[in-house]
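Student: Please see the structure below; I have some questions.
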Amino acid sequence: MGTVRNGMWDLAFPPGPPDRIGDMFTAAVVADAVRRYDADLAQSVETGQDWRHGHRRVFRGMTALSVSSPTISRGIAEEGLRSVRTMLRFAVGRTVTALEAVDVTAAGRGSVLETEVVTGTADPTPRLEVPWQGRLLCEDELRAQLKVWEQRGIVEPGFATAVRRVVDHPEWLRLPGFRLAIIGAAAELSPLRPLLAWGAEVLAVDRPGRARWDRLRELAATGAGVMRYPIAADGPGVDITRFLPVLVKWLAAQNDARPALGLYAGLPGAAGLRIAAASDVLAEALLAMRPDTALALHGSPTDCYAVPESVVLAAREQLARRGIRGAAQDILHRLSPNALYRLNYLRPILDAEGERWGLFDNLPYLGGPEYALAQRIPRWRAVLAGSAGHPVSYSVAPPAWTSSVYKSPWRTAAFRASAHFGVEVFEPASARILLAAKLVGDLMAPAAPSRNPEALFSTGAAHGGLWRQPFAPRSLVAPAAFSASVRMLGDRARSVFGDRD
């Protein structure tokens, strides 16, 4: 295909009923991903009558299958991403071409994105500082809090270790030698703000929008770093699902430092699935063009992960320490085994080396299969990139009170419920800086690759305590709501009696 006017290539789903194409696409991809390794699971996807409500069971099975063997983990990732490329289309005007038939690295020739630069005027923050509960943690106080979080099971040891390295090496905060491209720069938990405050050079990519880019440029101007960003014909910003080939060309041209690619863009529903697919095509192209490229990603706390035996044992220890409260919880569980106090981990999964894993399942009912696949596509890319020798920083983000949580009733309810049972829900500013510090630690001092590729997702997680909680998060929503109501009534009663006194 020739050049494209203004660089616009629209990444689209295959033809189908608009109200069903998301279900059809996700079911086909998942079936293709697992067919070689579990034909029965693939058949259950293809013959199931209610994929929208039954997809969670299949994603659980796919996660268990992936952790069972490195070969299977890589194979599922390869087959899943191949299926995505087989079915997606590039639409240019009235011409529609299969994504797999397009050379993305060549298709952007003839179209150009301009570059603008904003250089900050502030002095770089000289050390890692984390705002937390009205305090500013740094140095020894931050080291002590990291130890507390690790002991409480709020973060995994690998996360705490990576952040401690950055505390010990504040010169790393500027990411010397790297230039990170941040796809989804305006996302609340993206590392853009911390990195600009620390004096790093970044490439910022996000959707067009005057208010969005006014905020980003102000952040850069008041920071200490340098922000480069693309300019299209209509102004700053590009939609990666429409400007993918020309964006690949633009990013490849910013090559006077070692590249790192951070994927943080997301939207709900089918739009989020298209963004995940476009981000993956972008990652594949850049990793092929620059083999020294590092990859950085966040995982959602509302997803399904394989966790090591140490996490499962910690959850069981919490279960044994419940005391008299445990008897009441057990009674409620027997009355409603699926809805109340359901155990986080049941049957262990044995991998090819005989190691035991648990299955943490926090996929939401209302997220739908588009959400589940949008979370899985970047995980597949991380597995393949890590197996190919590319440095990969992957951090499961903690539950945080971001604006997207308040827009989603099921997430709001789940987070409030979890907080009543020892899970820490972070303010966005705290989570953002901790995740950015973890990224810096991973890039500047990469950890040795794990034998099992799925360990990438568990080793450096900051899950807020969800994984080491004895009960599945969904089964805590109703008890927490009841507990909150009782406390509210108690507060009102005390207020009334207090007034009478």
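The values are calculated or read from the model by the stated rules, or taken from the named source; none is laboratory data. Quick caveat: nothing in here was measured; it's all calculated off a predicted structure. Positions of Cβ are generated from backbone atoms using ideal geometry, with glycine treated the same way; all protein chains shown enter the neighbour counts.
Student: I need a count of the residues in region 157-183 that are touching a Pro at 6+ places or on another chain (Cβ under 8 Å) and touching a residue at least 60 places away in the same chain (Cβ under 8 Å).
Tutor: If we filter region 157-183 for residues that are touching a Pro at 6+ places or on another chain (Cβ under 8 Å), which is where we start, we get 170, 173-174, 178-182.
Pick out the ones that are also touching a residue at least 60 places away in the same chain (Cβ under 8 Å) and you get 173, 178-182.
The qualifying residues number 6.
Student: Testing Phe421 on (1) out of contact with any strand residue (DSSP E or B) (no Cβ under 6 Å at 6 or more places or on another chain); (2) part of a helix (DSSP H, G or I); (3) surrounded by fewer than 22 Cβ atoms within 10 Å (Cβ to Cβ), one condition comes back false. Which one is that?
Tutor: So the condition that Phe421 fails would be (2).
Student: Across region 25-66, which residue is nearest to Ile349 (Cα to Cα) among those that are among the basic types (Lys, Arg) and in a helix (DSSP H, G or I)?
Tutor: Residue satisfying both the conditions and the ranking: Arg60.
Student: Look through region 136-156, keep the residues that are without any contact (Cβ under 8 Å) to a residue 12 or more places away in the chain and in a helix (DSSP H, G or I), and return whichever of them is farthest from Gln318 (Cα to Cα).
Tutor: Only one residue fits best here, namely Asp140.
Student: Oh, and also: For region 379-396, how many residues meet the condition of being surrounded by fewer than 22 Cβ atoms within 10 Å (Cβ to Cβ) and closer than 30 Å to Ser430 by Cβ?
Tutor: Going through region 379-396 one residue at a time, the tally reaches 3.
Student: Any chance you could count how many residues in region 76-125 are surrounded by fewer than 18 Cβ atoms within 10 Å (Cβ to Cβ), within 30 Å of Asp32 (Cα to Cα) and at pLDDT 95 or above?
Tutor: Within region 76-125, residues that are surrounded by fewer than 18 Cβ atoms within 10 Å (Cβ to Cβ), within 30 Å of Asp32 (Cα to Cα) and at pLDDT 95 or above number 2.
Student: Right, something else. Select the helices (runs of 4 or more DSSP H) contained entirely in region 171-269, then report the ones holding at least 1 residues which are among the charged types (D, E, K, R), under 30 Å from Ser408 (Cβ atoms) and touching a helix residue (DSSP H, G or I) at 6+ places or on another chain (Cβ under 8 Å).
Tutor: Those helices (runs of 4 or more DSSP H) span 192-198.
Student: How many residues are in a strand (DSSP E or B) and over 17 Å from the mean Cα position of the chain (by Cα) if we restrict to region 271-310?
Tutor: Filtering region 271-310 down to residues in a strand (DSSP E or B) leaves 294-299, 304-308.
When the remaining residues are screened for being over 17 Å from the mean Cα position of the chain (by Cα), the result is 308.
Residues meeting the conditions: 1.
Student: Moving on to the next point. Looking at region 258-266, can you tell me whether even one residue there is of a type outside the set (A, V, I, L, M, F, W, C), in contact with a His (Cβ under 9 Å, 6 or more places away or on another chain), in contact (Cβ under 8 Å) with a residue 40 or more places away in the chain and within 22 Å of Pro453 (Cβ to Cβ)?
Tutor: Yes - at least one qualifying residue is present in region 258-266.
Student: Sticking with this one: From the residues in region 377-404 that are more than 27 Å from Arg468 (Cβ to Cβ) and either part of a loop (DSSP other than H, G, I, E, B) or without any contact (Cβ under 8 Å) to a residue 12 or more places away in the chain (or both), which one is nearest to the chain's Cα centre (by Cα)?
Tutor: Pro391
Student: So in region 182-206, with the set limited to residues that are under 19 Å from the mean Cα position of the chain (by Cα) and charged (D, E, K, R), which one is surrounded by the most Cβ atoms within 10 Å (Cβ to Cβ)?
Tutor: Asp206
Student: If you go through region 428-436 one residue at a time, do you hit one that is assigned to a helix (DSSP H, G or I) and either basic (Lys, Arg) or modelled with pLDDT under 80 (or both)?
Tutor: Start the filter on region 428-436 by keeping residues that are assigned to a helix (DSSP H, G or I), which leaves 428-436.
Narrowing the set further to residues that are either basic (Lys, Arg) or modelled with pLDDT under 80 (or both) leaves 432.
Within region 428-436, one or more residues are assigned to a helix (DSSP H, G or I) and either basic (Lys, Arg) or modelled with pLDDT under 80 (or both).
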